[in-house]
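Step one of this worksheet: look at the structure below.
The values are calculated or read from the model by the stated rules, or taken from the named source; none is laboratory data. Small disclaimer: the values here were computed from a predicted structure and weren't measured. Neighbour counts run over all protein chains shown; Cβ positions are idealised from the backbone, glycine included.
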Amino acid sequence: MDTIASLFSFITTPVSWIIVQFHKLYGALFGPDTGWAWGLSIVSLVVLIRICLIPLFVKQIKSMRNMQALQPKMKAIQERYKNDRQRQSEEMMKLYKDTGTNPLSSCLPILAQSPFFFALYHVLSNIANGKTIGVLNQTLVDSAREAQIFGAPIAAKFTDSQDKVAALSATIMDVRVVTAVMIILMSASQFYTQRQLMQKNVDLSVKTPYMQQQKMLMYIFPVIFAVMGINFPVGVLVYWLTTNVWTMGQQMYVINQNPTPGSKAQDSYLQRLLKSVTAHGEVRGRRKRNVVQAIVAKGADRNENERRFISGLSKAGFAAQADGTVVKGDTLAVETEGGAAGRRQPKRQTKAQRQSGTAQAGSAQQESTSKTSLEKQSEPQDAKPKPAAKTAPGSARQAKSGQRKGQQRPKHPSSKK
């Protein structure tokens, strides 16, 4: 470890300078020789580094999601060119280039903070040996060497001998208890961060070897850090525990506010968004409008969570718009689950209403047909004037009973009478 740390000695001066600046601040509050002043200086160093690494963390999230989405295509390439390794590599690189995915982006935050980690280890090792390093003069080295966190010097290790620990004005029991607790917390936070990522923020509809690899790493990484932790000084354990807690909180924020499509976290987020829209009648916030806008733009390509969200809006009387807003009304054109727009269907008629409507339509059609046939087949006839005749009472009738007087309409050829 000392050999690796010496490779990053070029960055020990900036790291020691940052620690000294924070030590001046906390030393004025807690005392310059206290463990709180030096411990909080290390914690502040971690926070500063992680704030600077936020852009890399965003790239890491995007890269991990792209890798998850590309797993089916990668598997197909491996099956297709399983006997040609060179062609397989070429197709993989082409796939990464076309989709703008960098497999190394998921490791960027760890790689970027590794120099600071080993530089801090190198600084604390020199403090334990009473040597000056960077901008730390002998006075500051002696102050940091005697500083203790819960009875354990920040430069002590779990594997240090009793004589070395005694030289730091501490007991071997205090050092081992404090380091063991910090190692357990460090490993537990690492495990929980990976576990919540796998259980809540992974697209469950895609079963790929990538998920199995992540599950293996979820159990392997905590064990690796636990084994390495016994060789870390207390100050380095403070550094690594702080960065793990930061990562855990950062991951929780991403899962709650920007979940992976198709994951359980997305379902929970959309259900919360649906309740908010139902309660307030609008989509509040630009980020939430962007989420709704992206869902509307997908159309038929929506996943199950997104289709359930659109269906929930429709049942509540809302319709999502292309700009991410929602509108409400009684005769809205609402989107179906397939992405097509449709109007509300009219109320279904009873059987008697349907039969009555059918009979009326048939009667009207028959009458229209009869008139058309008469116009085509009958010639117009001039009615002959009949002389008016007076009939005496009791005389025979001139017309049959039930027959109209005057000009009669010619009968239809199809009539039987």
task: For Arg344, indicate whether it is out of contact with any Lys or Arg (no Cβ under 8 Å at 6 or more places or on another chain), modelled with pLDDT under 90 and among the basic types (Lys, Arg).
output: yes
- prompt: In region 146-194, how many are part of a helix (DSSP H, G or I), modelled with pLDDT of 85 or more and touching a Phe, Trp or Tyr at 6+ places or on another chain (Cβ under 9 Å)?
  reply: 14
query: Filter region 295-310 for residues that are touching a Ser or Thr at 6+ places or on another chain (Cβ under 9 Å) and not β-branched (Val, Ile, Thr); which is surrounded by the most Cβ atoms within 10 Å (Cβ to Cβ)?
result: Asn305
- prompt: So Ala112 fits all but one of (1) in contact (Cβ under 8 Å) with a residue 60 or more places away in the chain; (2) assigned to a helix (DSSP H, G or I); what number is the exception?
  reply: (1)
- request: Determine whether Ile18 is modelled with pLDDT under 90, of a type in the set (A, V, I, L, M, F, W, C), assigned to a helix (DSSP H, G or I) and farther than 21 Å from Leu168 by Cα.
  value: no
query: Taking into account only those residues within region 274-294 that are of a type in the set (D, E, K, R) and surrounded by fewer than 17 Cβ atoms within 10 Å (Cβ to Cβ), which is nearest to Lys264 (Cα to Cα)?
result: Lys275
